[in-house]
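**Q** Would you mind keeping the following structure in view while I ask a few things?
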Amino acid sequence: MYIMYTKTKPGKSHSRKPGFCLTCSPNTPIPRKTQMTTREELIQQIARKHPELRHQASMSPKEIAQAVYLLLDTLADFLAAGERIELRGFGAFSIHFRPGRKARNPRTGEAVAVPDRRFIHFRPGRDLRRDVEDGSGYAGPAALAPERGSP
């Protein structure tokens, strides 16, 4: 897993100068961990967390990788076609449209035409939001997951 250090967001620091600590040496940024997982690490994590895929379903790590690639390619195809994807409990992917507009180059003041733009929007589901806020990790849709606290 890659760990990337970034400055804190403006207004989120405990000092007067956003992103810097007053108690440390001058202009020392406060590191904030941001973890990124690659596609290959995701595949390894799935194989590690779900050994039943290898035993019951007789899936090799290569087949697990093919399933992940197939899922991601299918999601990309649906989004490219402008369709909405809803994964109950996890979230929904949709395409939003931003119409073209006239803008100004701040350096020269010249008018510039900004073209129409489509972009991907993700809205997290209730279960995912709750699990991220709790820090417990995503447990799946509440209807399918066992009650919390029960064995």
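**Q** Here is a check on your reading of the model: is Ala80 surrounded by 12 or more Cβ atoms within 10 Å (Cβ to Cβ) and either hydrophobic (A, V, I, L, M, F, W, C) or touching a Ser or Thr at 6+ places or on another chain (Cβ under 7 Å) (or both)?
**A** For Ala80, the condition - surrounded by 12 or more Cβ atoms within 10 Å (Cβ to Cβ) and either hydrophobic (A, V, I, L, M, F, W, C) or touching a Ser or Thr at 6+ places or on another chain (Cβ under 7 Å) (or both) - is not met.
**Q** Within the set of pairs 6 or more residues apart or between chains, which connect a residue that is surrounded by 11 or more Cβ atoms within 10 Å (Cβ to Cβ) and among the small types (Gly, Ala, Ser) inside segment 45-69 to a residue that is at pLDDT below 85 and assigned to a helix (DSSP H, G or I) with Cβ atoms less than 8 Å apart?
**A** So the pair list comes out as Ala47/Leu53; Ala47/Arg54; Ala47/Pro61; Ser60/Arg54.
**Q** Please give the helices (runs of 4 or more DSSP H) falling wholly within segment 8-112 in which 1 or more residues are in contact with a helix residue (DSSP H, G or I) (Cβ under 8 Å, 6 or more places away or on another chain) and modelled with pLDDT of 90 or more.
**A** Numbers: elements: 39-49, 51-55, 61-80.
Here the list reads 61-80.
**Q** Give segment 130-141 a look and list any residue that's at pLDDT 75 or above and surrounded by 13 or more Cβ atoms within 10 Å (Cβ to Cβ), or say none.
**A** Within segment 130-141, Arg130, Asp131 meet the criteria.
The values are calculated or read from the model by the stated rules, or taken from the named source; none is laboratory data. What you are looking at is a predicted structure, and each value in this text was computed from that prediction instead of being measured. Note: ideal-geometry Cβ built from the backbone for every residue, glycine included; neighbour counts use all protein chains shown.
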